[in-house]
Amino acid sequence: MVSDFFYPNMGGVESHLYELSQRLIQRGHKVIIVTHAYGNRKGVRYLTNGLKVYYVCAQVIYSEATLPSFYGFFPIFRHILIRESIQIVHGHGAFSALCHEGILHSKTMGLKAVFTDHSLFGFADASSILTNKLLKFTLSDIDHVICVSHTSKENTVLRAALSPRNVSVIPNAVVASQFLPDPTVPDPNWITIVVISRLVYRKGVDLLVAIIPRICESYKHVRFIIGGDGPKRIDLEQMREKHLLHDRVELLGPIKHHEVRNVLVQGNIFLNTSLTEAFCIAIVEAACAGLFVVSTKIGGVPEVLPSHMIHYASPEEDDLVIAVSKAIHTFKFGHIDPSQFNDQLKEMYNWSNVAERTEKVYASIQQTKNSPLIERLRRYYGCGVYAGKVFCMIVALDYLIWKLLEWLFPDDSIEKAIVFPYQRYRKYFQENQEAPATYSMSHVGNSVIEEEEEYDE
């Protein structure tokens with residue numbers, strides 16, 4: 001797994017990477033994650049169940065996305081792939097430079113590559129045009145693409161000029177047991193609307209700023225709890241000051257992932273005002289926690305929840321006010337029981353199913369043959385009149401650098417990593433069930449590894 005976005009950073013891609021990796025390990029696969037260093041978190045770390053994470057040094061430029069280095073990442077990435085005996089490289093996130101570079105280098109080395117797209121993009125603005133061209137370059141020689149919704153699949157196929165046959169739809173999932181509802185927590189004197197989101201333009205914070213005063217004016221028993229941080233937070237603070245809503249609009253600031261459920265269960269309604277979403281895992285988590293959902297009808301959101309769990313609105317101020325008002329009346333008069341949502345959703349969205357479907361994608365690409373260099377260059381040449389020639393030069397130079405690295409550091413000179421004893425590790429915890437599930441690498445893992453080292457000697 002390769003991406004710029006992983007823990008300790010929080011978000012949908014990060015949780016997707018972690019949960020999918022854990023389920024694949026449970027199914028008997030070896031999984032490692034390569035991401036960039038986060039502060040003092042550098043080098044190799046072990047997470048639950050022996051999930052190995054390489055935090056490599058890279059320059060972060062914006063919102064945890066790294067500066068593209070093209071070839072600077074190749075030597076250490078090749079070393080990791082050979083050391084860990086990797087067969088498939090799975091990149092996540094169109095904004096991740098490490099993802100694009102990892103796919104390019106892995107295909108140069110003759111490995112299989114898969115890409116998962118978590119976002120939707122437009123076609124008109126300069127940022128989207130450049131990102132789409134980069135995506136077309138990366139996916140010109142990809143083995144398979146995974147999207148999190150059918151809307152996302154259509155978007156990716158158009159942006160990267162892909163064959164729909166090479167694109168699968170595998171949705172996100174949620175650990176429903178981590179979002180159990182608690183009907184005793186919400187304040188019975190208020191109808192509480194919860195918003196948990198990054199406070200940026202794409203998440204529709206401007207719409208939120210516009211509708212909160214109108215809702216508060218129309219319903220005296222409604223309050224808002226808003227979690228998250230971002231450049232648009234100042235707009236919410238100014239709105240609260242202007243309309244004197246300090247007692248009815250609570251701004252929590254950044255929220256850690258393990259605290260999300262405790263915030264959600266305080267509410268009755270969850271509000272999502274995003275302007276673009278490929279899937280929106282937040283509304284699934286909210287529904288699992290027993291909240292009725294109001295959301296803008298954009299992107300892949302209509303595919304996510306059953307109709308009795310959600311009210312939709314177009315991304316306009318008036319329509320959102322009407323949708324929220326309907327939800328308030330629905331809740332006020334007890335027309336629906338959100339406490340049953342968790343049992344329904346845990347069957348619809350679970351990570352074991354996601355891992356099984358991803359495993360089938362891996363098995364299918366393992367049956368295909370790798371393309372020779374001349375065929376790869378032909379594909380890149382078709383990316384554009386000028387861009388195609390540039391891409392061909394990039395790939396050709398990448399191939400030459402790979403041959404140089406093969407000469408300087410032959411495969412047999414790179415020490416192979418010891419395979420983490422997953423079965424013995426799980427057996428230990430089955431015998432010691434009182435140990436916490438998040439138990440870190442300690443004397444157990446180390447003793448097993450030391451035994452294997454002695455055996456190898």
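The values are calculated or read from the model by the stated rules, or taken from the named source; none is laboratory data. Keep in mind it's a predicted model, so treat the numbers as computed, not measured. Positions of Cβ are backbone-derived with ideal geometry, glycine not excepted, and every protein chain shown enters the neighbour counts. The accessibility values were calculated without ligands, DNA or RNA, using every heavy atom of the protein model including side chains. Shrake-Rupley method; radii C 1.70, N 1.55, O 1.52, S 1.80 Å.
General remarks:
- Search result, residues across segment 106-120 that are of a type outside the set (A, V, I, L, M) and either in contact with a strand residue (DSSP E or B) (Cβ under 7 Å, 6 or more places away or on another chain) or open to solvent by 20 Å² or more (accessible area, probe 1.4 Å) (or both): Ser106, Lys107, Gly110, Lys112, Phe115, Thr116, Asp117, His118, Ser119
- Summed over segment 403-457, residues that are loosely packed, with under 10 Cβ neighbours inside 10 Å, of a type in the set (A, V, I, L, M) and modelled with pLDDT of 50 or more total 1.
- Filter result (in a strand (DSSP E or B) and among the polar types (S, T, N, Q)) within segment 256-282: Asn272
- Which numbered condition Val53 misses (of (1) open to solvent by less than 30 Å² (accessible area, probe 1.4 Å); (2) within 21 Å of the chain's Cα centre (by Cα); (3) free of Cβ contacts under 8 Å to residues at least 40 places away in the same chain): (3)
- Qualifying residue in segment 13-33 (condition: open to solvent by less than 20 Å² (accessible area, probe 1.4 Å), among the hydroxyl-bearing types (Ser, Thr, Tyr), at pLDDT 90 or above and not in a strand (DSSP E or B)): yes
- Counted residues, segment 211-237 - those being open to solvent by 30 Å² or more (accessible area, probe 1.4 Å) and either farther than 25 Å from Phe341 by Cα or part of a loop (DSSP other than H, G, I, E, B) (or both): 13
- Residue pairs whose Cβ atoms lie under 7 Å apart, sitting 6 or more positions apart in sequence or on different chains, and linking a residue in segment 219-238 that is under 21 Å from Ser63 (Cβ atoms) to a partner that is of a type in the set (Gly, Ala, Ser) and surrounded by 18 or more Cβ atoms within 10 Å (Cβ to Cβ), are Gly228/Ser197.
- The residue of segment 314-367 that is most open to solvent (accessible area, probe 1.4 Å), among those that are part of a helix (DSSP H, G or I), among the polar types (S, T, N, Q) and under 22 Å from Phe179 (Cα atoms), is Gln340.
- Number of positions in segment 171-185 that are surrounded by fewer than 18 Cβ atoms within 10 Å (Cβ to Cβ) and either part of a loop (DSSP other than H, G, I, E, B) or without any contact (Cβ under 8 Å) to a residue 60 or more places away in the chain (or both): 6
- So Glu101, is it in a helix (DSSP H, G or I), of a type in the set (D, E, K, R) and within 20 Å of Ser371 (Cβ to Cβ): yes
- Boolean, Gly384 is open to solvent by less than 80 Å² (accessible area, probe 1.4 Å), at positive phi and of a type in the set (Gly, Ala, Ser): yes
- Among residues of segment 252-267 that are in contact (Cβ under 8 Å) with a residue 24 or more places away in the chain and closer than 15 Å to Leu180 by Cβ, those with a beta-carbon under 9 Å from a residue that is open to solvent by less than 10 Å² (accessible area, probe 1.4 Å) and assigned to a helix (DSSP H, G or I) at least six positions away or on a different chain give the pairs Val260/Phe179; Arg261/Phe179; Arg261/Cys288; Leu264/Phe179; Leu264/Ala286; Leu264/Cys288; Val265/Phe179; Gly267/Ala286.
- In segment 56-70, the residues that are open to solvent by 50 Å² or more (accessible area, probe 1.4 Å) and part of a loop (DSSP other than H, G, I, E, B): Cys57, Gln59, Ser63, Glu64, Leu67, Pro68, Ser69, Phe70
- Test: Ile196 is open to solvent by 10 Å² or more (accessible area, probe 1.4 Å), modelled with pLDDT of 90 or more and within 18 Å of Gln266 (Cα to Cα): yes
- Total residues in segment 115-164 satisfying the condition of being within 22 Å of Tyr349 (Cα to Cα) and either touching an Asp or Glu at 6+ places or on another chain (Cβ under 8 Å) or β-branched (Val, Ile, Thr) (or both): the figure is 10.
- Note on segment 34-50: residues that are open to solvent by 20 Å² or more (accessible area, probe 1.4 Å), among the β-branched types (Val, Ile, Thr) and in contact with a strand residue (DSSP E or B) (Cβ under 7 Å, 6 or more places away or on another chain) total 1.
- Residue list for segment 254-309, filter: at positive phi and either modelled with pLDDT under 90 or of a type in the set (Phe, Trp, Tyr) (or both): Cys280, Gly299
- Residues in segment 121-160 that are surrounded by 14 or more Cβ atoms within 10 Å (Cβ to Cβ), aliphatic (A, V, I, L, M) and in a loop (DSSP other than H, G, I, E, B): Ile142, Val148.
- The one condition from (1) within 17 Å of Phe331 (Cα to Cα); (2) within 26 Å of the chain's Cα centre (by Cα); (3) of a type in the set (S, T, N, Q) that Ser197 does not meet is (1).
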